Each structure stands twice: as C-alpha cells, then as structure tokens.
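Input: a single structure, listed below in structure tokens.
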Amino acid sequence: MRHGVLLATFLMLGAAPHCLVAQLGDVAGRVDAYVQRWHEVGRLDGVVLVARGDQVLYERAFGLANREWGIPNAPDTRFDIGSISKQFTTVIVLQLVAEGRLRLQDRLIDHIPEFRRDTGERITVDHLLRHTSGLPCYVRDWRPTAEERRRGQPRLLREHLKQEWLVQDFMARDLLSEPGSRYHYSSSNHYLLGLIIERVTRRSFAENLSERILQPLALGGTGLLRPESSTPRLATGYVRIPVGSGRGPYYFHPNTYGAGGMYSTARDLHTWNRAMERGAVVPDTLRELLFTPYTSGDDGAEHAYATNRFSLRLRGSSAPVAYTGFSGAIDGFRTDVFRFPSTGHIVVILDNSEQYEHWRIAPGIFRVLSGETVEQPHQLASAVVSGEAMDRGIDAAVARCQSVRAHPAGWDELDALENDLDEFASRYDAIGRPEPALTLRLLSTRLFPTSATGWERLADARAVRGDEARAAEARERAAALVSREQHLLEMLDRGEYDSARERIRQIRSGRVEEPLFTASNVGPRFGRAMQAKDFVRARGIAEVWALGNPTDAGPQFSLANVFRTTGEIEKAISCYRRVLELVPEGPIADRARSEIAALRLPR
C-alpha cells in the first residue's frame with residue numbers, strides 16, 4: 001500500500017487524528033474504505049474532502065506531496081488547480097459588472113484596442129465568459145509544425161510568452177466559429193478577461209484577486225503561482241506513467257494568469273464554492289449566471305459561467321446521479337470540485353499524480369452517502385500491460401494482455417487500453433524519456449494493428465529519433481487504414497448500409513476479424529442519429545459497426561440502445577447476451593447482466 005496520511009473527520013471536527021478511524025460512523029467508514037481503495041489500486045494520490053453545506057464530513061490525504069523527499073500529502077497541502085482558476089476570474093468580472101465599470105455586452109475591442117479589429121468588435125465580454133467567442137485556445141488548439149515536432153516536445157507554455165504575441169498574434173487568428181454561435185472551450189477567453197480586469201481597474205490581476213476574493217473570504221491557502229518565488233506546502237506534480245516517477249514538466253505560470261496559474265487547498269475550495277452558492281461574492285442578480293446552464297457542449301455537459309452540469313449513470317445504480325462540477329488540469333495535477341444539489345454535498349478532489357478518475361470517485365462517494373452499494377475499483381489493465389512492456393518487453397506485454405482479456409474480472413478499463421497506451425507514451429515524451437514512449441507506441445500497433453492513430457503516432461516517434469525510413473512505412477500503413485475506414489464512413493453518411501456490409505465482407509476475405517472502425521469516428525455518428533430520433537439511421541450505423549468490429553462490445557451496446565428506445569426489448573436483450581459472449585467476465589459483463597435484469601422487470 002502506498003504512503004497515506006489519515007486525517008479524516010465525520011461530524012467530529014475536534015477529534016485527535018489517531019483516534020478518528022475507530023470513531024468514524026458506519027457511513028463515514030464506508031466512504032473512507034471506498035476512497036482508500038482507489039489509492040491502493042494506484043488511481044488516487046492527493047486530498048479528498050466531503051462536506052454538506054458548511055460542515056466538513058470527511059477529509060483525508062493520500063500518497064506523497066513530494067516523492068523524492070518522501071513528504072506526504074496533508075489536508076493543508078497546496079495544489080496547482082489549473083482551470084479552476086477561471087472561476088475566480090469570472091467572479092471578478094461579474095463584480096466589475098455589478099459596480100457598473102464593465103458591461104457584459106462590451107466589445108473586446110473596447111478594452112483591448114490592439115486586438116484584431118474585424119473580430120474583436122464582434123466578440124463581447126459575455127461571449128468570453130460563455131466560451132462562445134470562437135477564439136482558438138492558445139493551450140489546446142496550438143499545433144506544432146512538422147519541424148517543431150521533429151525537434152522534440154513542444155514548449156508553448158514552458159517559455160515566457162510575451163503578452164503582445166499572445167494577444168496580437170495567436171489569439172487574433174481566424175475565428176473557429178461566429179461569436180455566439182457555438183460553445184468551444186478556450187483558455188484564450190479567460191486570459192483576455194484577466195487582461196480586461198487589469199485595464200478596467202488599472203491594477204494587476206494579482207491585486208484584484210487578493211483584495212476582491214482572497215482577503216475577504218480568508219482563503220489563506222490560495223494564490224497565484226509565481227516563477228520568482230516558491231510556494232510553501234505546494235505539492236509536486238507527477239505525470240501519469242505506468243513505471244517510474246516523472247515530475248510534471250515546468251510551465252511559466254504567468255502565461256496562464258486569468259485562465260490558470262493558481263494554487264489552493266481542499267478546505268479553501270470548499271469555502272470558495274460555499275461563498276459562490278450563498279451569493280457572498282456577487283449580487284443575487286448575477287449569482288444565477290454562475291450556476292444556470294446556458295448551453296450544452298459536445299462533452300455531454302450543460303455549461304454555466306462557473307460550473308458544468310452532468311448526469312451520470314453508474315454501474316449498478318438504480319438512477320442517474322446528477323451533479324455539477326468544474327475541473328482543472330495541468331501537467332502533473334488534476335483537480336475537481338463536485339456539487340450535488342439534491343442534498344447539498346460537495347466533494348473536492350485534488351490529485352498530484354495526474355489521475356483521471358475523479359468523475360467516478362465523487363459520484364461513488366455520493367452513492368455511499370446515500371446508503372447504496374457502490375462498485376469497488378480495481379487495478380487498471382493498461383497499467384499492468386504497460387508495466388510488463390517496460391519490465392519484460394513487448395512480447396511479454398502482448399501475452400499478458402491476452403491473459404487479461406481472457407479473464408477480465410478484477411481489472412478495470414480494458415476497453416480504454418489503446419487510449420491509455422497513447423497517454424502513457426505522450427507523458428513519457430513530455431518528461432524527455434523517448435525510449436519507453438517508443439516501446440509503448442510499438443506495443444499499441446501490436447495490440448491494435450488496424451488503428452490508424454496508433455500507426456501515425458508511431459511514425460511521429462520514429463521521426464523524432466531520425467528513423468525516417470520506418471517512419472514513412474508507418475505513415476503509409478496509417479494512410480491505408482484511414483482511406484479504408486473513410487470509405488466505409490462515407491457509405492454510412494449516405495445511408496448505404498447494404499453496400500457497407502458488402503464492402504466489409506470483401507475486406508474480410510477470410511482474414512482475422514480485426515476491427516475496421518475507430519469508435520471515436522463512428523460513435524458520434526450514431527450519437528447524432530439517436531439525438532435526432534432517427535432510429536432507422538441509428539440502427540443502420542450500429543449494425544454496420546457491429547459487423548465491422550465483431551469482437552467489440554461497444555456497437556452491441558449501441559444497437560441495444562436503439563432497440564430499447566423503440567420498444568424491441570427481446571432484441572435489446574439479445575444484444576446484451578452477445579456482449580456476454582464476447583466479454584463473459586468483468587465490468588462490461590456486469591453492465592450487460594444489469595441491463596438484462598432491468599429489462600426483465602415487470603412494466
């Protein structure tokens with residue numbers, strides 16, 4: 001078990017730490033056991049806080065704040081909170097609106113006159129707050145050139161970027177969409193809002209943050225990260241890799257002021273969220289903007305100024321769990337605050353091992369608090385398979401993967417293996433370790449030989465090493481796969497399902513039934529058809545998808561969804577039974593059995 005410091009409380013805020021475990025109530029004990037399990041299987045390091053209203057019910061620190069020095073995380077450890085910083089910028093903007101010093105309909109060009117005029121005069125402060133400005137994101141939408149990729153890891157945020165370059169060059173590039181027409185999350189919006197705050201008040205962003213929020217709310221563990229000084233009790237961020245301990249790459253914090261670059265503690269973020277809820281930071285006339293959704297995004301969430309609204313159906317749950325959340329992510333850190341409006345619970349999760357599990361952990365905690373049985377997490381299949389590649393080589397990793405696939409019970413996220421291999425390799429690249437990155441790229445093409453993305457990433461890895469001949473071979477393989485899949489997708493787009501089936505039979509021609517579709521390409525097409533209630537089209541897509549990927553459970557679940565919606569229950573059950581033939585054990589099988597049981601209930 002990893003190092004952990006237990007500092008938990010449940011309705012007993014004065015108890016000595018060494019006595020707390022024995023004194024915890026039944027519900028709190030189950031919360032602790034559940035969260036501890038996530039840590040034990042290597043999927044959580046940091047601090048978890050659970051509260052209801054103002055009362056903190058549970059708080060515990062896990063793992064190490066600094067692995068090199070063996071310093072444990074503690075409840076007062078400070079974490080880089082990434083994009084959660086945007087909430088603070090949003091509130092300051094609304095304070096200025098309340099004071100009459102700024103209007104939501106002010107144009108960008110009114111406050112930043114050096115911005116590109118033809119677009120700046122069409123973008124308003126409201127567009128920036130809503131992420132509907134159409135501006136490219138200077139963090140996510142920046143793409144290195146081929147030459148920059150050959151030189152190694154891109155360093156956009158690693159260097160001191162001049163404000164003039166960001167505002168007048170990158171952010172002033174052509175819009176991705178007409179202002180107000182489409183939601184597109186962009187850190188450029190809040191960087192510019194931070195600059196507008198400075199222009200309107202004639203004071204620095206740091207001064208506004210301190211005087212308007214941090215001091216009035218007594219948020220002593222929160223502030224701006226500064227390159228010229230160290231921050232006491234600040235955790236070190238570590239990238240998500242299967243073997244070894246890699247520090248998150250350095251970035252120049254002022255590059256993100258307004259959009260990021262802040263640190264905080266779990267207690268401070270709880271206090272901050274309660275202040276927003278109560279209207280302690282903006283007048284009631286503007287407070288609703290913080291939490292009232294104004295649009296839905298491609299991520300399945302409804303978006304408000306300062307939070308996002310989700311509904312998640314957990315495996316084994318009788319009903320979806322509704323919650324709101326806001327996340328922060330920067331190299332080495334993942335931070336989240338979840339609010340459950342039906343009960344007033346707040347869950348804060350701060351992680352310095354770059355884990356992606358918070359959206360499962362928090363609803364799981366909510367289910368425990370509600371007295372429900374919650375599924376326990378297991379070790380990630382991808383971590384074990386990748387670790388085998390690092391320790392014993394690719395052949396051993398392939399054999400281990402085959403063993404896991406044959407007996408998936410006791411493992412999690414086997415269906416995310418390809419994505420995880422890509423993520424692990426990317427993180428090794430980020431910390432300057434190209435050899436394990438290349439190993440994982442090679443492993444990915446062995447396990448997923450029909451994935452064009454895998455071959456493209458391998459080509460890039462070869463090119464970085466100067467192996468142009470084998471890079472060219474990988475690119476040719478990728479291009480052929482892309483062309484083949486694109487031809488099938490075009491048939492689906494035209495509704496030519498019979499032709500697509502015939503083409504798949506020609507491609508097979510006695511070969512191994514390897515998948516022909518990438519879920520990220522065909523899945524959204526199915527989703528759009530379902531959203532439009534075009535069930536004939538949705539069924540056609542799902543059936544062709546199932547034929548093209550005969551060993552995947554995903555298209556079977558999609559096809560079952562069509563049949564459930566159209567009332568063809570026996571056909572839906574048949575799809576779930578097919579899932580059980582493909583995956584007889586593990587979480588996917590459990591989900592299929594749960595769906596069958598639900599459909600068999602009296603109606």
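Structural remarks
- Residue match in region 262-275 (condition: surrounded by fewer than 16 Cβ atoms within 10 Å (Cβ to Cβ), of a type in the set (Gly, Ala, Ser) and over 30 Å from Glu435 (Cα atoms)): no
- The strands (runs of 3 or more DSSP E) falling completely within region 285-358 that include 3 or more residues that are at pLDDT 85 or above, within 21 Å of Arg240 (Cα to Cα) and not basic (Lys, Arg) map to 321-330, 333-340, 345-351.
- Among (1) of a type in the set (S, T, N, Q); (2) modelled with pLDDT of 90 or more; (3) not in a helix (DSSP H, G or I), the one test that Gln402 misses: (3)
- Any hit, region 86-105, residues being assigned to a strand (DSSP E or B) and either at pLDDT 95 or above or buried (at least 16 other Cβ atoms within 10 Å of the Cβ) (or both): no
- Entry remark, region 221-255: residues being touching a Ser or Thr at 6+ places or on another chain (Cβ under 9 Å) and in a loop (DSSP other than H, G, I, E, B) number 12 in total.
- Residue match in region 20-31 (condition: assigned by TED's automatic domain parsing to the domain that holds Ile197, in a loop (DSSP other than H, G, I, E, B) and either surrounded by fewer than 24 Cβ atoms within 10 Å (Cβ to Cβ) or of a type in the set (Ser, Thr, Tyr) (or both)): no
- Output for region 405-427, where each listed residue is assigned to a helix (DSSP H, G or I) and free of Cβ contacts under 8 Å to residues at least 40 places away in the same chain: Arg405, Ala406, Ala416, Leu417, Glu418, Asn419, Leu421, Asp422, Ala425, Ser426
- Inter-residue pairs, beta-carbon under 7 Å, first in contact (Cβ under 8 Å) with a residue 60 or more places away in the chain and in region 450-463, second crowded, with 21+ Cβ neighbours inside 10 Å and not in a helix (DSSP H, G or I), 6+ apart: Thr450/Leu516
- Residue, nearest to the chain's Cα centre (by Cα), within region 225-272, restricted to residues that are of a type in the set (A, V, I, L, M, F, W, C) and more than 30 Å from Met390 (Cβ to Cβ): Ala259
- Among the conditions (1) closer than 27 Å to Asp422 by Cβ; (2) in a loop (DSSP other than H, G, I, E, B), the only one that Val282 does not satisfy is (1).
- Some residue of region 485-496 being closer than 30 Å to Ala463 by Cβ, of a type outside the set (A, V, I, L, M, F, W, C) and touching a residue at least 24 places away in the same chain (Cβ under 8 Å): yes
- When restricted to residues that are part of a loop (DSSP other than H, G, I, E, B), in contact with a helix residue (DSSP H, G or I) (Cβ under 8 Å, 6 or more places away or on another chain) and charged (D, E, K, R), region 37-83 contains 3.
- Picking from residues in region 166-197 that are in a helix (DSSP H, G or I) and not hydrophobic (A, V, I, L, M, F, W, C), the one that is nearest to Ala329 (Cα to Cα) is Ser187.
- Pairs with Cβ under 6 Å, 6+ apart, first in region 46-57 and surrounded by fewer than 21 Cβ atoms within 10 Å (Cβ to Cβ), second in a strand (DSSP E or B): Arg52/His345
- Qualifying residue in region 417-427 (condition: buried (at least 20 other Cβ atoms within 10 Å of the Cβ), small (Gly, Ala, Ser) and within 19 Å of the chain's Cα centre (by Cα)): yes
- Any hit, region 528-548, residues being of a type in the set (Lys, Arg), under 15 Å from Leu492 (Cβ atoms), within 30 Å of the chain's Cα centre (by Cα) and surrounded by fewer than 17 Cβ atoms within 10 Å (Cβ to Cβ): yes
The values are calculated or read from the model by the stated rules, or taken from the named source; none is laboratory data. Because the structure is a prediction, the values reported are computed rather than measured. Here Cβ is always computed from backbone atoms with ideal geometry, including for glycine, and neighbour counts include all displayed protein chains.
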